[in-house]
Amino acid sequence: LFGLPELPAMDLPAKPFRDLSWFRRSDAPIFFGRGHQIRELYSAVTDHTAAPLVLFYGQSGVGKSSLLDAGLLPRLEQA
């Protein structure tokens, strides 16, 4: 996550374990382990010389929604 905008100030969620539910924006402070993927997506989305479309795909249940909702979008709000 080096070089990415910090997360906005927010309270920690009351229940840190999401079970089968995906991580949402409010869970961003406890979402971890995907720094490399967040960095790649952030760079692809914010680079004005990059392609205008990013294909983001993967098998069901691998964490695509969590990565977007808790990892990428809160950082894009800062930019």
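When Gly63 is tested against (1) out of contact with any Pro (no Cβ under 8 Å at 6 or more places or on another chain); (2) without any contact (Cβ under 8 Å) to a residue 40 or more places away in the chain, exactly one condition is not met: (2). Looking across region 32-50, the residues that are over 20 Å from Leu12 (Cβ atoms) and either open to solvent by 80 Å² or more (accessible area, probe 1.4 Å) or part of a helix (DSSP H, G or I) (or both) come down to His36, Gln37, Arg39, Glu40, Leu41, Tyr42, Ser43, Ala44, Val45, Thr46, His48, Thr49.
Would it be correct to say that Leu53 is hydrophobic (A, V, I, L, M, F, W, C) and surrounded by 10 or more Cβ atoms within 10 Å (Cβ to Cβ)? Against the criterion (hydrophobic (A, V, I, L, M, F, W, C) and surrounded by 10 or more Cβ atoms within 10 Å (Cβ to Cβ)), Leu53 does not qualify. When region 1-31 is filtered for residues that are acidic (Asp, Glu) and part of a loop (DSSP other than H, G, I, E, B), the ones remaining, listed by number, are Glu6, Asp11, Asp19.
Each residue in region 70-79 was checked for being open to solvent by 50 Å² or more (accessible area, probe 1.4 Å) and assigned to a helix (DSSP H, G or I), and 1 pass. Taken over region 1-60, the residue count meeting the criterion of being in contact with a Lys or Arg (Cβ under 8 Å, 6 or more places away or on another chain), farther than 18 Å from Ala79 by Cβ and touching a residue at least 40 places away in the same chain (Cβ under 8 Å) is 1.
The values are calculated or read from the model by the stated rules, or taken from the named source; none is laboratory data. All of these numbers come straight from a predicted model, not from anything done at the bench. Neighbour counts are summed over all protein chains in view; Cβ atoms, including those assigned to glycine, are modelled from backbone coordinates with ideal geometry. Areas reflect the complete protein model, heavy atoms only, side chains present, ligands, DNA and RNA absent. Shrake-Rupley method; radii C 1.70, N 1.55, O 1.52, S 1.80 Å.
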